[in-house]
Structure formats: C-alpha cells, structure tokens
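Enquirer: Have a look at this one.
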Amino acid sequence: KSQQRAEAQDLVQNFLLLWLDGNLDESNEDFQNSITELRRTVDTIEPFRDADKCLQYISSFKNEKAFLIISGTLTENVVPLAHDMSQIYAIYIFCRKRSKYEQWAAKEFPKVRGVFTEIDPICISVRQAARECDDDAVVITSEIEPSFMYTTLFKEIVLEIDFDEKKTVQDLADYARTQEAYA
C-alpha cells in the first residue's frame, strides 16, 4: 500500500502531456504500455498525429503548462516552433536513433530535456521538470505579492512577542503611529 501511495503522490496533475507522433497507433500494445507508464506520472495525456493540430491546441492554452513528447521524424520541423511557445515547459524527443538528434537539439533548444529511446527515462524527466515548474510558479507568486509576504512576516513576529500584562496592543498601535509620523 505504501508503494501505491507513493506512486499516487508522484502523479503530476497540474500539467498536460502531449504526445506528437505522425505514425501513432493507439491500438498498438507498445503504445498502450507506454501510456500506462506515463499515466503513473501525468494524469492527462493527449496524443496527436498531426503537428499543426497539436501546435494549434497548445496555442489555445491560457495558463496551462505542457510537456511535449515528439517523435524523431517530426523533430526538425516542430521543435523550433514549439520551443518558442510559452505554454511549453519541456520537450522530449522519443526516437530510435538517439545520436541523430542529440547534438542538434542541445545546441539551439534549451527546452529539449533529452533524446530518449525508452519511456521510463522520459517519465523520470517529466517528474523532475514538473517539480521545477512548480518551484518556478512559487517564485513568480512571491514576486507578484510582496505585501502578502510582509503581512505574514509581521503576523509571525507579533505572535512570537512575549507580551507582559503591563504592555497592551494599544501600546503597540500607539508606537506604530509614532513611527509612521517619522517615515
């Protein structure tokens, strides 16, 4: 049971995984096994055979982030377009000939997280990228709302103060007013 719980906790639900492959056969047993393995990592998986439809779908996102698995045959045409889309967080090239795409992808496209010949390493990389994406979202949030940070910090400080019976909240308010006059 603990292993099942760990797998459920690892499930990344805030992200969408898109799989683009012109020769995708959803009835193929290998494809089904790969989807099963990926579903242990990401809840929503959208397969695409047509690159234009896939890119159009991605561009319709407002706030979602997506991971894109792309077959080797479509890589050279689609990666340059998908790489510039803000909705794409990471790209994974899934192919038979790793060496054909590794140098090309590494030079120009930092969103490409690697060239893979098996699905398991992709799952591991997606988990890692999802954590990074979550961490990035937290940083952005703290930059947008500094007043929330300051209010929380002030509350923590006030709650840690050892009040004695002679000093009151009114004294604190009076002190704050006098400090405001000097500011």
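Any read-out appearing in this document is the output of simple, stated calculations on the displayed coordinates, not a laboratory observation. Note that the structure is predicted; figures quoted are calculated from it, not measured. Reconstructed Cβ throughout: ideal geometry from the backbone, glycine too, with neighbour counts over all protein chains shown.
Enquirer: For Ser71, work out the one condition from (1) closer than 19 Å to Asp25 by Cβ; (2) out of contact with any Cys (no Cβ under 8 Å at 6 or more places or on another chain); (3) in contact (Cβ under 8 Å) with a residue 40 or more places away in the chain it doesn't fulfil.
Expert: (2)
Enquirer: Select from region 22-51 the residues that are polar (S, T, N, Q) and assigned to a helix (DSSP H, G or I) and write down the one among them that is surrounded by the most Cβ atoms within 10 Å (Cβ to Cβ).
Expert: That would be Ser34.
Listed here are the residues, each with its yes/no results for (1) assigned to a helix (DSSP H, G or I); (2) free of Cβ contacts under 8 Å to residues at least 40 places away in the same chain.
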| site | (1), (2) |
| --- | --- |
| Gln56 | yes, yes |
| Asn63 | no, yes |
| Asn77 | yes, yes |
| Ala82 | yes, yes |
| Met85 | no, yes |
| Lys100 | yes, yes |
| Ala106 | yes, yes |
| Arg113 | no, yes |
| Cys123 | yes, no |
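Enquirer: Please go through region 75-88 and give me each residue that is of a type outside the set (Val, Ile, Thr) and either touching a His at 6+ places or on another chain (Cβ under 9 Å) or buried (at least 21 other Cβ atoms within 10 Å of the Cβ) (or both), ordered by number.
Expert: Across region 75-88, the qualifying residue is only Ala82.
Enquirer: Let me ask another. Restricted to region 57-71, and to residues that are of a type in the set (Ser, Thr, Tyr) and touching a Leu at 6+ places or on another chain (Cβ under 8 Å), which residue is nearest to Ser125 (Cα to Cα)?
Expert: Out of the qualifying residues, it is Ser71.
Enquirer: Residues being of a type in the set (Lys, Arg) and either within 13 Å of Phe109 (Cα to Cα) or more than 16 Å from the chain's Cα centre (by Cα) (or both): count how many of those fall in region 58-84. Please lay out each step first, then the result.
Expert: Going through region 58-84, the residues of a type in the set (Lys, Arg) turn out to be 62, 65.
Okay, now just the ones that are also either within 13 Å of Phe109 (Cα to Cα) or more than 16 Å from the chain's Cα centre (by Cα) (or both), so none.
Residues flagged as of a type in the set (Lys, Arg) and either within 13 Å of Phe109 (Cα to Cα) or more than 16 Å from the chain's Cα centre (by Cα) (or both) within region 58-84 amount to 0.
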